[in-house]
1. For segment 243-281, which residues satisfy the criterion of being basic (Lys, Arg) and surrounded by fewer than 17 Cβ atoms within 10 Å (Cβ to Cβ)?
2. Considering only segment 182-287, give the helices (runs of 4 or more DSSP H) lying wholly within it that have at least 3 residues that are in contact with a helix residue (DSSP H, G or I) (Cβ under 8 Å, 6 or more places away or on another chain), modelled with pLDDT under 85 and assigned by TED's automatic domain parsing to the domain that holds Gly103.
3. In segment 156-179, is there at least one residue being surrounded by 15 or more Cβ atoms within 10 Å (Cβ to Cβ), modelled with pLDDT of 90 or more, in contact with a Gly (Cβ under 8 Å, 6 or more places away or on another chain) and not in a helix (DSSP H, G or I)?
4. Among (1) modelled with pLDDT of 90 or more; (2) within 30 Å of Arg57 (Cα to Cα), which single condition is Gln125 missing?
5. Which of the residues belonging to segment 66-112 are among the polar types (S, T, N, Q) and under 13 Å from Gly130 (Cα atoms)?
6. Looking only at residues in segment 67-81 that are over 22 Å from Met262 (Cβ atoms) and in contact (Cβ under 8 Å) with a residue 24 or more places away in the chain, which one is surrounded by the most Cβ atoms within 10 Å (Cβ to Cβ)?
7. If a residue counts only when it is within 21 Å of the chain's Cα centre (by Cα), at pLDDT 80 or above and among the hydrophobic types (A, V, I, L, M, F, W, C), which helices (runs of 4 or more DSSP H) contained entirely in segment 11-97 have at least 1 such residues?
8. For residues that are in contact (Cβ under 8 Å) with a residue 12 or more places away in the chain and surrounded by 17 or more Cβ atoms within 10 Å (Cβ to Cβ), scanning just segment 191-208, find the one that is farthest from Gly146 (Cα to Cα).
Amino acid sequence: MRLPLLLVAAAITVTAVPAAAQTTTSTRDRIGQVLGNLLGVGNSANASLDGQWRAGRLPLSNQRTQFDARVDADVRGGTLSQATGARLKADYTALVDLEGRYGADGTFTTTERGDLTARYNAVLQVLADGRYADGDVYARAEVSEGRAEFIRRVDAAIASRKITRVAGTRLKSDYAALVQIEAGYLRDGMLSDSERDDLDARLDALDIRVGDVVYTAPVTAKTRLDAIARALPTSGLTTTARAQLLVEHGDLIRLEAAYARMTPTAEEQAYLERRLAELELRARVVR
């Protein structure tokens, strides 16, 4: 994916700390205030969320209006920039969607509750700090930035007679048109999933026409999960063992789908990789 949607996902705590850590205390106090304003329970908000998820409820979805109102108020008050406010709302929407997928069956696993809590705390951290840790770089004009390199590749393809000069001119023109499409998408400083996918597809099509890129099917988490599902019936495992693996397989399918909609942290990627490797080994998948 060339244009990832950035979503910080780091767990934080909102408990009291020693007086010497004044900066940390101040930050956590602000987060506690945000939690209290949204849920009315102060620093016990995370516990309240966990309890509601255990009961099969959707607390993040239910408080979405309150969250958006808080963001709008902070933008009007100058605590948040317009770009940060828009990004926060988009990240919260993604979080609500994730909560809905996790709770589609009316239950939340321990892993799912922990994942939601960490992501929710990360959003609250931004709301408390008034900015993203990456400096609020929400979406870059990567198509525009790659224009000079693309022209160099086209000229090289013409020189080596892989494509005609007419085809090269058309490629350069089509790339210039794609730069304009990207500029239109970035008018509000953000890229939706569909806009990002559209740019990726158009770039891939241009690369194929240049003829200097060889595409191979990537080994993704999804393809590995599919291979596990195919291997289980002939794995030689007992019915009980296969049933247990299918439960874990379902958990990883939901986790992979959630990560596909956002950029997971290195720690989250390592966790998914470890779980996949363990499941492949137990399912006797040959890679």
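The values are calculated or read from the model by the stated rules, or taken from the named source; none is laboratory data. What you see is a predicted model, and the numbers here were worked out from it, not measured in a lab. Reconstructed Cβ throughout: ideal geometry from the backbone, glycine too, with neighbour counts over all protein chains shown.
1. Matches in segment 243-281: Arg261, Arg274.
2. So the answer is none; nothing clears 3.
3. yes
4. The failed condition is (1).
5. Within segment 66-112, Thr79, Ser81, Gln82, Thr84 meet the criteria.
6. Looking at residues that are over 22 Å from Met262 (Cβ atoms) and in contact (Cβ under 8 Å) with a residue 24 or more places away in the chain, I get Asp74.
7. Values: elements: 22-39, 45-54, 59-62, 64-76.
Those helices (runs of 4 or more DSSP H) span 59-62, 64-76.
8. So the residue we want is Leu191.
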